[in-house]
Amino acid sequence: MSVLNGLQPERVFYYFEEITKIPHGSGDMDKIALFCVDFAKKHNLKYYHDKENNVVIYKDGTKHLKNAEPIILQGHLDMVCQKTEACSIDFTKDALDIFIDGDFIKAKNTTLGADNGIAVASVLAILESDCYAHPPIEAVFTTDEETGMVGANNLDTSVLKSKRMINIDSEEDDTMTVSCAGGADFLATFNFQRELAEGIEIELIIKGLKGGHSGIEIDKGRVNANILAGRVLNHLKTTDFNLLSINGGDKTNAITNLCKINLCVKNSEQFIKDATEYLEIIKAEISAREPDFCYELNTLENGNSEAINKESQNAIIYALCCMPNGVLDMSAEITGLVETSLNLGILATSENNTELKTSLRSNKMSALSALEDRLKTFFSVLPCECTTFDKYPSWEFNSNSTLQGLFKEIYEKETGENLKVEAIHAGLECGVFASKIKDFDCISIGPNMFDVHTVKERLSISSTERTFKILLKVLESCK
């Protein structure tokens, strides 16, 4: 039975609910891409499907707009998959458990995937209907946006004719985004040998932190669990312990809200006492910004353990304690805009290495390069290997944009309110397309969404309807 039946716009929410039934986490794009291909076939629309699972669907313009310049409507197919510890959903095969709470659509104990499923649903609703006036449409659905704009970076843009695009990946309906940050992922790998350690195994879990989007929430003072783990371990280093593993986060673009540390200690009572005292100090310190912060200290077993060798242990703790993280610079040109930041999103230990994966962002490419050089210099004195990958360009403001003026005019006429025009610190695929297509004109819009990339993610129903109506008005006015 449909959960969203009766909501308006009906077909937008129909397709959104269908999308929530299809596994589409980053890196798992086959099923959702085929869903889009099957849609194109069913509606006799031409399409393009590449090896990256990007899908482009073409639709002719309607009546008097048949000969107008084409326009790209764009969103990404992947979602960030996060769930609570107790949640049993398997993102690779299970549907999300969605429900309505007042004006919001939510998912039980998981992310909702409104980022960016609502964009895909909105565009499919437009492609399906013969009731909406619009110029020729090139609907572009890209993959793995959440893990570095991979699909957009690898899309052959020669299959596109348009030089203008509406990206539907923003999260405030009273705001038009006109510029965004570029970014990259930075990986530091500590390879090590394990050595025998005697004592009692202790598991320390840092949890209850808010987390959030590493671009949008990076200036909100939210505590990163991986960085906090480094602080705790550094404080406790005078206690005799051996590090067995440390793991936190699974997305570089999410502020980590949980970190698990496994240690071998000789005096468990003393260690737990010292750790508890320090963690209580931290809890009091951050309570105003992280009211739900908590921790667990669990005794697991006695006996021998294979621990990370001391040299590597000390180097990992040093890196976690001293590496830069969070906001580095604010823009001098745009009030309130974070210009450069980084986020240690993934901390992962295997049998013989620990990886630190960090998301780098800047609205200026020169500053992004300088940040990469800074990290390379920092890690160069430590026993680790470094690499940078999944780079994507920033999207610079276009003062000659006609789309900006058109959207602003229609928004303010339809709502009677002033439209906010903003640059953001998060990455958008607009920057990738602008770097590939000459004389490109682009804006980014979207309905109200909150706490994206977290299990508290929610999508406003009324805002989705309002945004869709304005989008239709803009398409109708595109000459």
- Relative contact order (percent, whole number), region 15-80, Cα cutoff 8 Å, 6+ residue spacing: 33
- Which percent, to the nearest 5, of DSSP beta bridges fully inside region 306-427 are antiparallel? 100
- Query: What whole-number value in Å² describes the accessible area per residue of region 1-74 for a 1.4 Å probe?
  - Reply: 53
- Item | Degrees between helix 310-322 axis and first principal axis of the chain (Cα, 0 to 90, nearest 10) | 50
- Once both axes come from the Cα atoms, what is the angle between helix 402-415 and the longest principal axis of the chain, in degrees from 0 to 90, rounded to 10? 90
- Note on the structure: Percent relative contact order for region 298-431, counting Cα pairs under 8 Å at least six residues apart, stands at 19
- Task: Just reorder Arg361, Arg164 by solvent-accessible area, largest first, 1.4 Å probe, all chains present.
- Result: Arg164, Arg361
- Message: At 1.4 Å probe size, with the rest of the protein present, what percent of the exposed accessible area of the chain is carbon and sulfur atoms?
- Response: 47
- Going by accessible area, probe 1.4 Å, with all protein chains left in place, what is the ranking of Asp60, Asp103, largest first? Asp60, Asp103
- Query: What ³J(HN,Hα) values, in whole Hz, does the Karplus curve 6.51 cos²θ - 1.76 cosθ + 1.60 give for region 464-473 when θ = phi - 60°, with x put for Gly and Pro?
  - Reply: 4, 5, 5, 5, 5, 4, 5, 4, 4, 5
- Using the Cα gyration tensor of region 205-264, with a ≥ b ≥ c the square roots of its eigenvalues, what is the shape: rounded (a/c below 1.5), prolate (a/b larger than b/c) or oblate (neither)? prolate
- Message: Loop by DSSP (not H, G, I, E, B), at most 16 other beta-carbon atoms within 10 Å: where is the longest site-free stretch of the chain for GluC sites (Glu not before Pro)?
- Response: 86-332
- Accessible area of Ser462, 1.4 Å probe, to the nearest 10 Å²? 50
- Query: Per-residue accessible area for Asp174 at 1.4 Å probe radius, Å² rounded to 10?
  - Reply: 40
- Message: For region 1-110, take the convex hull of the Cα atoms, compute a quarter of its surface area, and give me that in nm², please.
- Response: 9.1
- Helix-only [θ]222 nm of the chain, DSSP H runs n ≥ 4, -39500 (n - 2.57) each, per residue, nearest 500: -9500 deg cm²/dmol
- Message: Quick query: amide H of Met165 versus all other amide H atoms, modeled in the peptide plane; which residues come in under 5 Å with a sequence gap of 5 or more or a different chain?
- Response: Ile72, Asp441, Cys442, Ile443
- Please list Tyr318, Tyr132 in order of solvent-accessible area, largest first, computed with a 1.4 Å probe with all protein chains present. Tyr318, Tyr132
- Among Asn363, Thr467, Leu228, the residue whose Cα sits farthest towards the positive end of the charge dipole of the chain, when +1 is placed on the Cβ of each Lys and Arg and -1 on the Cβ of each Asp and Glu, is Thr467
- Note on the structure: Checked against the structure, the computed percent of Cα pairs over 44 Å apart among [x] 56; [y] 18; [z] 10 is the one labelled [y]
- Tilt of helix 268-286 relative to the longest C-alpha principal axis of the chain, in degrees (0 to 90, nearest 10)? 40
- Task: For region 179-184, take each phi angle, set θ = phi - 60°, evaluate the Karplus expression 6.51 cos²θ - 1.76 cosθ + 1.60, and give the result in whole Hz per residue in order, putting x for glycine and proline.
- Result: 6, 8, 7, x, x, 6
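The values are calculated or read from the model by the stated rules, or taken from the named source; none is laboratory data. Just so it is clear, the model here is predicted, and its values are computed rather than measured. Methodologically, a virtual Cβ is constructed for each residue, glycine included, from the backbone with ideal geometry; neighbour enumeration extends over all protein chains shown. Ligands, DNA and RNA are excluded from the accessible area calculation, which covers all protein heavy atoms including side chains. Shrake-Rupley method; radii C 1.70, N 1.55, O 1.52, S 1.80 Å.
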